[in-house]
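Read the figures in this text as sums done on the coordinates, not as results from a lab. Predicted model, so just to flag it, every value in this text is computed and none were measured. Every residue, glycine among them, receives a Cβ derived from its backbone with ideal geometry; neighbour counts consider all protein chains shown.
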Amino acid sequence: MRVFSLVVLGLVAYIIAVLVLFPAAPVIDRVRPQLGAVALEGVSGKLYKGQIDTVRSTDDLLPLEFQNVGWALAPKALLTGGAGASFSFDGYGGSGQGLATRSWNGDVSISDFDFNAQAKALEPLLPVPIASFSGELVGNIDKITLVDNLLTEARATLTWNDAELETPIPTSLGTVDVDIKPEGEESHLITLKASGGDVAMDGSVTLGLNGDFTANVLFTPAPSAPQAVVNGLRQMGPSDSSGRVRFQRKGNVNRLM
């Protein structure tokens, strides 16, 4: 029994030494072929803790790019039946940090993820350049779960401060709050609210895991709203005596892309 204990202790010590002392770059080079449409530039540090100068997607559909991407292994994730690492990054005029874990069955989750970004810097990610924006986005993702690389659960909040639609019709939206939470097993409820600008917004969108959505959002122009904004609302649907317009749509987001 004493010999077995010494063997286990030596194995644990070896694993810890590899994680702490072994450089990360050779490992990254080995797994590059499995990364698909992801390019990594400037890898430094150890397996336990390191940094990548630039991480970018080479997929034209969603050309994401982040700088100063750091990671540090999270030993506590082993207690929940998986492996994990805390991460941080800079990008899109802001930064973010959170925790990513992967269970032994392959499920991936992201939690405690806080980030901020500039709306203007996110414009290149739009599939079609139909509008321009300004303001700051601040968000928190309590949890996102991926099973077989498909989103199954999301709990998040997002605030768009000093929200401004610059084109095609200049419109101040004030502060926009977005709340996302599961509704049953096959869909999520996205609650939308905006106040303090030319247009108030209050409503929700139900989004299924298959992409089906149902939107029901009420837009109310402020008394001081420019006439161009009021006219723009009327193009979305019939308005009542107060100029309010209720936007109601059903469809599938995959067909909108």
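Find the all-direction average of the projected area of the Cα convex hull for segment 72-255, expressing the result in square nanometres with one decimal place.
With the hull built on Cα positions only, its mean projection is 11.7 nm².
Counting other beta carbons within 10 Å of each Cβ, put LYS49, LYS76 in order, fewest first.
In order of increasing Cβ crowding within 10 Å: LYS76, LYS49.
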